[in-house]
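The values are calculated or read from the model by the stated rules, or taken from the named source; none is laboratory data. Here the structure is a predicted model, which is why all the values come from computation and not from measurement. Cβ sites come from the backbone with ideal geometry, for glycine too, and all protein chains shown count toward neighbours.
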Amino acid sequence: MKDTRHKDGEGYTMPVVVRARSFYLYDRYGVRYIDFFQNHGRAILGHRPEMMQRAIKSTVDRGLVSEYPSVFSGRLEKLLAQLFPGYLAFRIYSDSHVIADIARKVSPDAKAIYDPACPVLENSCKVSYWRPYLEVGGADSVLLFPILPFPGSFIPQVVCIKDQALADELPLSDCVSPLLLDLLIKATASLIHEMKSEESVVKRMDNPLKGLFETRGPYGITNLDDIRYREFYHEALKLRVVLPPTADIPFIIPGIYSKGDISEFLRLSAQYATTMVI
């Protein structure tokens, strides 16, 4: 079979994707892969949700693309208040790099922002990410950076703030393109709907890799070292499974898959498993 992988300067290879739908990726030869990476979790609702296509057409038709003030920021904040009732203020920034500066302001000694999909930290954490289907941060988290579903890395960065005094210190929200805000609104509303569905939640929490790797809900970490993970990654790719590029990024169980999609991958995972979760 022809080589369908792309290699960059760091040696990371994956299929050259020409089409994506649901939790499947298709290369230029028509080979289908199932996605356990999901663009760092931004594609947790799939790669081509219908509401996104409608929102793009509707908002662009009204000419709402430029970064001018709009009603969309207020609509998004109302949805965020539903998702995160324990947080009293929200900011929306156009530059995702702002989170590092904000995190250092709250916790100068923090080496990293806590990711609930990764091993639990023994120390309290004032700054954390939030991932769908997992609990909202830690008890001490005064800042939350939600990883929300969105079709690309150009997503506006949402910051949830628990303390009013801290909110007063942080910059006001940026003027973000209404198009991007509308896409995020549609995605967030769909996520809220999905998380209210008992059937959807049960399916997401039924992680087939539980007992092989360290898992939390639909997420997991292999705990393999870099060399071993690289081997695992390439073996999985041969089985048409796309994993995160590095071992420190959590894998995510697709929302839709068949037993045939992952049966060989589960056998491969059992060979590489190093941690048993009870």
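To keep it simple, each residue is scored yes or no on (1) under 26 Å from ASP27 (Cα atoms); (2) loosely packed, with under 14 Cβ neighbours inside 10 Å.
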site	(1), (2)
THR188	no, no
GLU199	no, yes
LYS210	no, no
PHE213	no, no
PRO218	yes, no
LEU224	no, no
TYR229	yes, no
VAL242	yes, no
ILE256	yes, yes
Out of the residues in the stretch 179-211 that are among the hydrophobic types (A, V, I, L, M, F, W, C) and closer than 29 Å to LEU266 by Cα, state the one that is nearest to the chain's Cα centre (by Cα).
LEU191
Filter the stretch 29-64 down to the residues that are at pLDDT 75 or above and among the aliphatic types (A, V, I, L, M) and list them by number.
VAL31, ILE34, ALA43, ILE44, LEU45, ILE56, VAL60
Kindly check whether there is at least one residue in the stretch 180-196 that is under 24 Å from ASN39 (Cβ atoms) and assigned to a strand (DSSP E or B).
no
Out of (1) farther than 26 Å from VAL201 by Cα; (2) in the same structural domain as LEU191 (by TED's automatic domain parsing); (3) more than 17 Å from the chain's Cα centre (by Cα), what's the single condition that is false for LEU79?
(1)
Is there any pair linking a residue in the stretch 22-33 that is under 15 Å from ARG48 (Cα atoms) to one that is among the small types (Gly, Ala, Ser) and surrounded by 13 or more Cβ atoms within 10 Å (Cβ to Cβ), with Cβ under 8 Å and at least six apart or on different chains, and which?
SER22/GLY46; SER22/GLY255; PHE23/ALA43; PHE23/GLY46; PHE23/GLY255; TYR26/ALA20
Filter the stretch 258-276 down to residues that are surrounded by fewer than 16 Cβ atoms within 10 Å (Cβ to Cβ), within 23 Å of the chain's Cα centre (by Cα) and at pLDDT below 95, then give me how many there are.
1
For the stretch 222-238, indicate whether the set of residues that are in contact with a helix residue (DSSP H, G or I) (Cβ under 8 Å, 6 or more places away or on another chain), β-branched (Val, Ile, Thr) and assigned to a loop (DSSP other than H, G, I, E, B) is non-empty.
yes
Looking only at the stretch 37-71, count every residue that is of a type outside the set (D, E, K, R), assigned to a loop (DSSP other than H, G, I, E, B) and either surrounded by 13 or more Cβ atoms within 10 Å (Cβ to Cβ) or under 21 Å from the mean Cα position of the chain (by Cα) (or both) and tell me the total.
10
